[in-house]
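J.: Just passing along the structure, written as structure tokens.
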Amino acid sequence: MWMLSAVGLLGSGAVLVGGVGGLGGAVAPEADLAYHGSASMAAGRVDVRLTPRNHGPDPVDDATVRLRWSAALGDAQVLPVGCARSGERVVVCRTGALPADGPGEEIRMTVRLREVASEVTLGLDTVWGGGSVDRNHANDRQQVLVLDTGDAYAF
């Protein structure tokens, strides 16, 4: 009878920690990371502003966001502290601490494309969530088309 009750509880989403029979263990924290901001492009320079946000329920000590462009980046880039190139078209950035249900610090950067383009697609996604489980990837995986108009395109 006890086993049926425990199975019923676990199946309904409850978590048992400790107790009879060794049903103990650490449960990974849960977070819901998202990125909001804008991107604009003029003459082969792409300006990006993004604010990471954690919709909770648990805080995140640090996470890593990947920015991936559809066009190759120029060889020399000046990136903000906490950001680094990880490929011909890719930059990764630390988000820093993200409180539960709160924003992090804004990340700003300007990258130069290897060649001037009339448009570029910028993809954003989480590479590492600080050990947290994120069950909603609908808001941390985005793509935005940025035209060479100087206008800001929101995401």
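J.: Which condition does Leu122 not pass, out of (1) open to solvent by 30 Å² or more (accessible area, probe 1.4 Å); (2) in contact (Cβ under 8 Å) with a residue 60 or more places away in the chain; (3) over 18 Å from Asp62 (Cβ atoms); (4) hydrophobic (A, V, I, L, M, F, W, C), if it passes all the others?
T.: Just one mismatch for Leu122, condition (1).
J.: Collect the residues in the range 138-155 that are surrounded by fewer than 19 Cβ atoms within 10 Å (Cβ to Cβ), among the aliphatic types (A, V, I, L, M) and more than 17 Å from the chain's Cα centre (by Cα), keeping them in residue-number order.
T.: Let us first name the residues in the range 138-155 that are surrounded by fewer than 19 Cβ atoms within 10 Å (Cβ to Cβ), namely 138-139, 141-145, 147-155.
Narrowing further to those that are among the aliphatic types (A, V, I, L, M): 138, 144-145, 147, 152, 154.
Residues satisfying the conditions are Leu145, Leu147, Ala152.
J.: Scan the range 138-151 residue by residue and report those that are free of Cβ contacts under 8 Å to residues at least 60 places away in the same chain and either among the acidic types (Asp, Glu) or outside any loop (DSSP other than H, G, I, E, B) (or both).
T.: Filtering the range 138-151 for residues free of Cβ contacts under 8 Å to residues at least 60 places away in the same chain gives 138, 141, 143, 145.
Those that are free of Cβ contacts under 8 Å to residues at least 60 places away in the same chain and either among the acidic types (Asp, Glu) or outside any loop (DSSP other than H, G, I, E, B) (or both): Arg141, Gln143, Leu145.
J.: Yes or no: the range 73-86 includes at least one residue that is touching a residue at least 40 places away in the same chain (Cβ under 8 Å) and either open to solvent by less than 60 Å² (accessible area, probe 1.4 Å) or at positive phi (or both). Walk me through how you get there before you give the answer.
T.: Going residue by residue through the range 73-86, those that are touching a residue at least 40 places away in the same chain (Cβ under 8 Å) are 73-74.
After this cut, where a residue has to be either open to solvent by less than 60 Å² (accessible area, probe 1.4 Å) or at positive phi (or both) as well, the list is 73-74.
So far as the range 73-86 goes, yes, one or more of its residues are touching a residue at least 40 places away in the same chain (Cβ under 8 Å) and either open to solvent by less than 60 Å² (accessible area, probe 1.4 Å) or at positive phi (or both).
J.: A follow-up question, please. Can you go through Pro99, Pro103 and tell me which one is in contact (Cβ under 8 Å) with a residue 24 or more places away in the chain, closer than 20 Å to Phe155 by Cα and open to solvent by 40 Å² or more (accessible area, probe 1.4 Å)? Can you show your working first?
T.: Numbers: Pro99 fails: closer than 20 Å to Phe155 by Cα.
Exactly one of Pro99, Pro103 is in contact (Cβ under 8 Å) with a residue 24 or more places away in the chain, closer than 20 Å to Phe155 by Cα and open to solvent by 40 Å² or more (accessible area, probe 1.4 Å), namely Pro103.
J.: Restricting the first residue to the range 47-58 and requiring it to be touching a residue at least 24 places away in the same chain (Cβ under 8 Å) and open to solvent by less than 50 Å² (accessible area, probe 1.4 Å), which pairs with a second residue that is among the β-branched types (Val, Ile, Thr) and not in a strand (DSSP E or B) meet a Cβ separation below 9 Å and a spacing of at least six or different chains?
T.: Partner pairs satisfying both residue conditions: Pro52/Thr95; Asn54/Thr95.
J.: Among the candidates Arg135, Arg66, single out the residue that is exposed (fewer than 15 other Cβ atoms within 10 Å of the Cβ), out of contact with any Pro (no Cβ under 9 Å at 6 or more places or on another chain), basic (Lys, Arg) and in contact (Cβ under 8 Å) with a residue 40 or more places away in the chain. Can you show your working first?
T.: Details: Arg66 fails: exposed (fewer than 15 other Cβ atoms within 10 Å of the Cβ).
Result: Arg135 is the single residue among Arg135, Arg66 that is exposed (fewer than 15 other Cβ atoms within 10 Å of the Cβ), out of contact with any Pro (no Cβ under 9 Å at 6 or more places or on another chain), basic (Lys, Arg) and in contact (Cβ under 8 Å) with a residue 40 or more places away in the chain.
The values are calculated or read from the model by the stated rules, or taken from the named source; none is laboratory data. Not measured: the values here are computed from a predicted model. No Cβ is skipped: glycine too gets one built from the backbone with ideal geometry, and neighbour counts run over all protein chains shown. Calculation scope for accessible area: heavy atoms of the full protein, side chains included, ligands and nucleic acids excluded. Shrake-Rupley method; radii C 1.70, N 1.55, O 1.52, S 1.80 Å.
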